[in-house]
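Novice: Take this structure first; my questions come after.
The values are calculated or read from the model by the stated rules, or taken from the named source; none is laboratory data. These numbers come from a predicted model, not from an experiment. Note: ideal-geometry Cβ built from the backbone for every residue, glycine included; neighbour counts use all protein chains shown. All accessible areas refer to the heavy atoms of the entire protein, side chains included, with ligands and DNA or RNA removed. Shrake-Rupley method; radii C 1.70, N 1.55, O 1.52, S 1.80 Å.
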Amino acid sequence: MAPTTDAQSLTIPELPSLEAGITLLEADGDPRLPLQTLLVDHLLLAGGRGVWVGTGRYCSTDTLAEVAPDRRVLERVDVARGFTPYQHAALLDDLATHVDDRTAVVALPEIDAQYRGDDLQGNDGRTMLVRALARVAAVAREHGIPVLCTRSREDEFSEPVAAAAASTLTVRDTAMGPRFVGDGFETLGYELGDGWVQTTIAFWQRVLEARQPLHDTATISGEVFARGTV
C-alpha cells in the first residue's frame with residue numbers, strides 16, 4: 001500500500017478521450033475502476049448524461065460513487081441492471097429510448113457475460129450477443145456518442161465484441177502504475193511522489209481530483225434511475 005498523499009502531490013495525469021462509436025477496454029486485471037474512472041472523467045469534461053447497463057458484479061455502483069470527485073455527477077448517470085440474458089438483451093433493445101441529445105456516454109461492462117450461461121432456453125448465446133452489439137452500434141452511430149465496453153474474457157465467444165469496436169483501449173499494470181494505450185495515446189505513468197504508485201480506489205479518486213481543474217464545473221442536475229428487472 002502506498003503512503004497517503006494529498007491531491008496536490010499527484011501530477012495531473014492524462015486519460016484517454018473517448019470517441020464516438022464502440023470502444024473496447026481491455027485490462028490485465030479487474031477493469032471496473034479504470035472503466036468507472038473513464039466514465040466519470042468523460043462526463044465531467046463533456047457534460048451531459050451517462051447510461052450504465054450493469055450485469056453480474058457490475059450491478060453494484062458503490063465504487064463508481066467512491067471514485068467520483070463530485071457526487072453530483074452521479075445524478076447524471078442512469079443505471080440499468082440485467083440479471084439474466086433476457087433482461088440484459090431487453091435493456092439493450094430499449095437503449096435507444098434512453099439515449100437522446102443530452103447523452104454523452106454509454107458504459108456496457110462485461111457485455112458478453114450474460115450470454116455465456118446455461119439458462120438460454122435453447123437460444124444461441126453468441127447470436128444474442130451479436131444482435132445486442134448491432135443494436136448498440138446503431139445507437140452509437142445515430143447519436144454520435146462513445147460506448148465503452150468491456151468483456152468478461154478474451155476468447156472466441158467474445159470475438160464479436162472486438163470486431164464491433166471502432167477502437168480499443170488497453171490498461172496495463174506497470175512498475176510505474178496503470179498505463180492506458182490506444183490509437184495515438186499512451187499514459188506513461190501516474191506518480192504519487194517518492195517513487196510510489198497506487199491502484200486502489202483511493203488512487204483513482206486522486207486521479208480525478210487532480211484533473212478537476214480541467215473539468216467543466218457548471219451546475220449539474222438530473223435524476224438517478226436504477227432498474228433491476230425488465
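Novice: Can you give me the accessible area per residue for segment 42-120, using a 1.4 Å probe, in Å²?
Specialist: Accessible area per residue, segment 42-120: 37 Å².
Novice: Moving on. Once R0 is set to 35 Å, what does the formula 1/(1 + (r/R0)^6) return for the Cβ-Cβ distance between Thr63 and Asp119, expressed as a FRET efficiency to the nearest 0.05?
Specialist: 0.80
Novice: Can you give the log10 of the normalised intensity I(q)/I(0) at q = 0.11 Å⁻¹, computed with Debye over equal Cα scatterers of segment 26-162?
Specialist: These q points yield log10 I(q)/I(0) values of -0.37.
Novice: Set the Förster radius R0 to 30 Å, insert the Cβ-Cβ distance between Arg126 and Leu45 as r into 1/(1 + (r/R0)^6), and round the FRET efficiency to 0.05.
Specialist: 0.25
Novice: I've got another one for you. Could you rank the peptides 130-143, 33-46 by their average count of other C-beta atoms within 10 Å per residue, with the highest value first?
Specialist: Those peptides, ordered most packed to least, come out 33-46, 130-143.
Novice: Bins of 5 Å, beginning at zero and ending with the bin holding the largest distance: percent of Cα pairs per bin for segment 56-126, please.
Specialist: P(r) for segment 56-126, in whole percents per bin: 3, 13, 23, 21, 18, 13, 6, 3, 1, 0.
Novice: Multiply the residue gap between Asp93 and Ala20 by 0.36 nm, knock off their C-alpha separation, and tell me the result in nm, one decimal place.
Specialist: Result for the pair: 24.3 nm of gain on full extension.
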